[in-house]
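Read through the structure below, which is laid out as structure tokens, and then see the notes.
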Amino acid sequence: MTTWPDKTDDRPLSLAAPSGIDRAAHHRTDEAWLAAAWSHPTTRVFVVSGGQVLVDETPEGRTELVTTPSFEAPLTEEHRYFLGTDEDGVSYFALQKDTLPGRLDQPARAAGLREAGLLLSARDAGLMVHAVALENWQRLHRFCSRCGERTVIAAAGHIRRCPACGAEHYPRTDPAVIMLVTDEQDRALLGRQVHWPEGRFSTLAGFVEPGESIEQSVRREVWEEAGVVVGPVQYVASQPWPFPSSLMLGFFARATSAEITVDGEEISEARWFSRQELKEAFASGEVLPPYGISIAARLIELWYGEPVPRPGTGR
């Protein structure tokens, strides 16, 4: 029987590794400090648009976030978001724009988190996930949910304030559980969502409902999607997932039943896999692994005992 791991220190989760950035939230309402930070010659700025940023390859082959000094950045006072400072005192800002700026001086390209999250350093990935999450929220929550008035941005992008009724609105985060379920034979339960390509399997997942604990959510989602009863549940790790506003809470769970009955609405197919069966299915192409940026891949790897193949590489 598997001894469940209780940490991921040996290989931190994508988008969740320590970034070295202090978010310095106490500065968000200090307009004088923010103005001085924006004007400082070491400050770095990047543009976020539609969940994408510009990235570039270094001569050494690394992928980096394209940043500029603040005096070179396109001016957009209203949609300027303070992201924090690094250990050298460098401040970072993101600018929300309708389009990414052209870069004639270098072959930069646009990239979203699913691609860039695996390529960027922990610092750059941390900055990007913060900016993308703020941009998603800002675009979708422009009006007061209390009175309907258009809200204004405050706290360096981390609050929207209603000028009519005074309500303050904060970035939304939706908790979701994602779980690797094993049975008495130490087989893993993997499922395929109805809209996924043939052969793509991953862990089960779902949103936490109002008035529900996360452990209750794990058991309910597994039962609803696969008809499997779950007993013990153990938390493993979390991962920000701004697509558009989720926080993934990862678990291991032990099944107390083995018969599978998929719901047919979210999950079209679910199967139990031993490690050897999964290895052979990966090798033959019968099963396509989840994308490496997702906590799902990490949960599977912690049970599987080695990295799962990256989609499209066969290794």
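The values are calculated or read from the model by the stated rules, or taken from the named source; none is laboratory data. These figures come from a predicted structure and were not determined experimentally. All Cβ positions, glycine included, derive from the backbone under ideal geometry; neighbour counts span all protein chains shown.
The residues on offer are Glu212, Glu269, and the sole one that is touching a Lys or Arg at 6+ places or on another chain (Cβ under 8 Å), outside the structural domain of Val132 (by TED's automatic domain parsing), farther than 22 Å from Leu288 by Cβ and among the charged types (D, E, K, R) is Glu212. With respect to Leu134, determine if the residue is out of contact with any helix residue (DSSP H, G or I) (no Cβ under 7 Å at 6 or more places or on another chain), in the same structural domain as Thr29 (by TED's automatic domain parsing) and under 21 Å from Leu13 (Cβ atoms). For Leu134, the condition - out of contact with any helix residue (DSSP H, G or I) (no Cβ under 7 Å at 6 or more places or on another chain), in the same structural domain as Thr29 (by TED's automatic domain parsing) and under 21 Å from Leu13 (Cβ atoms) - is not met. When Thr85 is tested against (1) hydroxyl-bearing (Ser, Thr, Tyr); (2) at pLDDT below 95; (3) surrounded by fewer than 20 Cβ atoms within 10 Å (Cβ to Cβ), only condition (2) is not met. Could you list, in sequence order, all residues of the stretch 54-75 that are under 23 Å from Ile159 (Cβ atoms) and surrounded by 12 or more Cβ atoms within 10 Å (Cβ to Cβ)? Result: Ser70, Ala73. Where helices (runs of 4 or more DSSP H) sit wholly within the stretch 214-315, those with at least 2 residues that are under 25 Å from the mean Cα position of the chain (by Cα) and closer than 21 Å to Leu119 by Cα occupy 295-304. Taking first residues from the stretch 185-199 that are in the same structural domain as Glu286 (by TED's automatic domain parsing) and in a loop (DSSP other than H, G, I, E, B) and partners that are modelled with pLDDT under 95 and crowded, with 19+ Cβ neighbours inside 10 Å, the Cβ contacts under 8 Å between residues at least 6 apart in sequence or on separate chains come to Pro197/Leu288; Gly199/Leu288. Take the conditions (1) among the small types (Gly, Ala, Ser); (2) within 18 Å of the chain's Cα centre (by Cα); (3) modelled with pLDDT of 95 or more; Gly117 misses just one of them, which is (3). Arg172 falls short on exactly one of the conditions (1) at pLDDT below 95; (2) outside any strand (DSSP E or B); (3) more than 30 Å from Thr29 (Cβ to Cβ), and that condition is (3).
Look through the stretch 65-94, keep the residues that are without any contact (Cβ under 8 Å) to a residue 40 or more places away in the chain and among the β-branched types (Val, Ile, Thr), and return whichever of them is farthest from Leu54 (Cα to Cα). Out of the qualifying residues, it is Thr76.
Among the residues of the stretch 200-212, those that are assigned to a loop (DSSP other than H, G, I, E, B) and either under 21 Å from the mean Cα position of the chain (by Cα) or at pLDDT below 95 (or both) comprise Phe201, Thr203, Val208, Glu209.
Answer yes if at least one residue in the stretch 165-175 is surrounded by 17 or more Cβ atoms within 10 Å (Cβ to Cβ) and of a type in the set (A, V, I, L, M, F, W, C), and no otherwise. Looking through the stretch 165-175, none of the residues is surrounded by 17 or more Cβ atoms within 10 Å (Cβ to Cβ) and of a type in the set (A, V, I, L, M, F, W, C). In the stretch 32-53, the residues that are assigned to a helix (DSSP H, G or I) reach residues that are not aromatic (Phe, Trp, Tyr) with C-beta atoms within less than 7 angstrom, at least six apart or across chains, in these pairs: Trp33/His27; Leu34/His27; Leu34/Ala156; Ala37/Thr43; Ala37/Ser91; Trp38/Ser70; Ser39/Ser70. Let me confirm something: among Arg310, Arg315, Arg298, which residue is modelled with pLDDT under 95, buried (at least 19 other Cβ atoms within 10 Å of the Cβ) and either in contact with a His (Cβ under 6 Å, 6 or more places away or on another chain) or of a type in the set (D, E, K, R) (or both)? Checking each option against the conditions leaves just Arg298.
Within the stretch 210-231, restricting attention to residues that are touching a strand residue (DSSP E or B) at 6+ places or on another chain (Cβ under 7 Å) and of a type in the set (Gly, Ala, Ser), the residue that is nearest to Thr256 (Cα to Cα) is Gly231. The sole residue among Arg160, Arg139 that is of a type in the set (Lys, Arg), outside any loop (DSSP other than H, G, I, E, B) and crowded, with 16+ Cβ neighbours inside 10 Å is Arg160. Of the residues examined, Trp272 is not one that is modelled with pLDDT under 95 and crowded, with 16+ Cβ neighbours inside 10 Å.
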